[in-house]
Amino acid sequence: MRRRIGILTAGGDCPGLNACIRGVARAAYELFDAEIVGIAGGYGGLIDGQYQEMSKRDFSGILTRGGTILGTSRTPYRDMRVIGTDNVDKVAAMKDNYKWLRLDCLVTLGGNGTHKTANLLSEEGLNVIGLPKTIDNDIWMTDVTFGFQTAVDIATEVIDRLHTTADSHGRVMVVELMGNKAGWLTLEAGIAGGADVVLLPEIPYDINKVIAAVEARGRNKKSFSIIAVAEGAMSQEEASMKKKERVNPNPYKTVAHRIAEQVQEKTGLECRAVVPGHIQRGGSPCPYDRVLSTRLGVRAAELIRDGKYGVTVGIHGDEVVDNPLKEVAGKTKFVPADHQLIRTARNIGIVFGD
């Protein structure tokens, strides 16, 4: 049995992409007669016909390497059926290039947007398998995505390091972590790093309650406070507005800067905002993500061997599973307000500002 496999990585990069690519490739070479085509630069590469024929040596030495050897880009799902000034029908171009490359299937590594386009292509008749990548951990029907644990490790180290400088100067440190819609990263790093306040997109905050938490620590002879805030966190006032009404008057100031200013103004305490940004998604994957990425990639190769397409791979408990793309695409896994991690955090005194 011979299979010609196209692989692409789309959306934001994260640790574990190369480990997952390697898992797909090495298992494919072991399980059947495989040819692998690397699509360059995500869906944009599939649209433009940018690719390279891969060999076994291309997958050597990449297990520990961050980023993606294939390159990536963001081609928003909402634009896929929009014909722009270049007059390119993107969906037709992807289907044509799939056929031109003589692919038997396409493996897509990515987050929510990637999965929506993967499902679109599956519904258009292509053989597609998705793999769940994102540091936000917000893909439906999988307990965890690869890249998430590495980001948690990095974000936790950031918070760890802020403790010593905050304590030394008696400051309030407001650290902004990635997560525009879902707060999994901030929640886990906040607990692991010993943050005093954790603000998530799913739980709109009252700034007065945040300030009260900081002031309470002062009364308890605590000289500093750590506030971990997700980039998508919003106040209760903002949450009641329509999206277009939530206009940031100063786009150069993030939510962390705004909260730091508000806390400093009300308490008189010295506050600093820290935004580690893309550091959270860079560098080598941690051992957990290397193993997870490999397991998910191997499962994709097994599905190709079995001719099972139109699915995305996930993990439930300790079992690697596959779920229909149509049931995963377009759904976001938010942090439930009653999640056990939320209860755990509240029971050790972490304040969510609600």
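The values are calculated or read from the model by the stated rules, or taken from the named source; none is laboratory data. Everything numeric here is computed off the predicted structure, so don't read it as measured data. Positions of Cβ are generated from backbone atoms using ideal geometry, with glycine treated the same way; all protein chains shown enter the neighbour counts. Side chains are part of the model used for accessible areas, which takes the heavy atoms of the whole protein and leaves out ligands, DNA and RNA. Shrake-Rupley method; radii C 1.70, N 1.55, O 1.52, S 1.80 Å.
Over the stretch 202-243, give the accessible area per residue in Å² for a 1.4 Å probe, as an integer.
The answer is 52 Å² per residue.
Mind checking the stretch 178-279 for chymotrypsin sites (Phe, Trp or Tyr not before Pro) that DSSP puts in a loop (not H, G, I, E or B) and that have at most 10 other Cβ atoms within 10 Å?
252
Enumerate the amide H contacts of residue 314 below 5 Å, restricted to partners 5 or more residues apart or on another chain; note that Pro and chain-start residues carry no placed amide H.
Residues meeting the criterion, in which the H sits 1.01 Å from N, are 321, 322, 323.
Can you send over the solvent-accessible area of residue 163, 1.4 Å probe, protein chains only, in Å² to the nearest 10?
Residue 163 exposes around 50 Å² with every protein chain in place.
Can you tell me which of 208, 87, 18 moves the most in a GNM of the chain? Springs connect C-alpha atoms under 10 Å apart.
So, out of 208, 87, 18, the one fluctuating most is 87.
Solvent-accessible area per residue for the stretch 1-158 at a 1.4 Å probe radius, Å²?
39
Where does the stretch 224-339 land on Rg(C-alpha)/(2.2 N^0.38 Å)?
1.56
Considering only the chain, what is the antiparallel percent among its DSSP beta bridges, to the nearest 5?
Counting DSSP beta bridges with both partners in the chain, the antiparallel share is about 25 percent.
So how strong a dipole does the chain carry about its Cα centre when Lys and Arg Cβ are +1 and Asp and Glu Cβ are -1, to the nearest 20 debye?
Around 160 debye, computed over the chain.
May I ask for the distance between the Cα centers of the stretch 305-354 and the stretch 64-108, given as a whole number of Å?
Using only Cα atoms to place each centre, the spacing works out to 26 Å.
Might you report the magnitude of the Cβ-based charge dipole of the stretch 12-137 about its Cα centre, with Lys and Arg at +1 and Asp and Glu at -1, to the nearest 20 debye?
Using Cβ point charges on Lys, Arg, Asp and Glu, the stretch 12-137 gives about 280 debye.
Per q in 0.07 1/Å, what log10 I(q)/I(0) does a Debye calculation on the alpha-carbon atoms of the chain return?
The Cα Debye sum returns log10 ratios of -0.33.
Could you tell me the relative contact order of the chain? Use alpha-carbon pairs under 8 Å, at least six residues apart, and round to a whole percent.
Answer for the chain is 24 percent.
Between beta-carbons, use under 12 Å as the cut-off and find the net charge around residue 207, counting Lys and Arg +1, Asp and Glu -1.
-3
How much accessible surface area, in Å² rounded to 10, belongs to the heavy atoms of residue 247 with a 1.4 Å probe?
My reading of the accessible area for residue 247 is about 110 Å².
Could you look at the chain and say what percent of its accessible area is carbon and sulfur, using a 1.4 Å probe and all protein chains?
47
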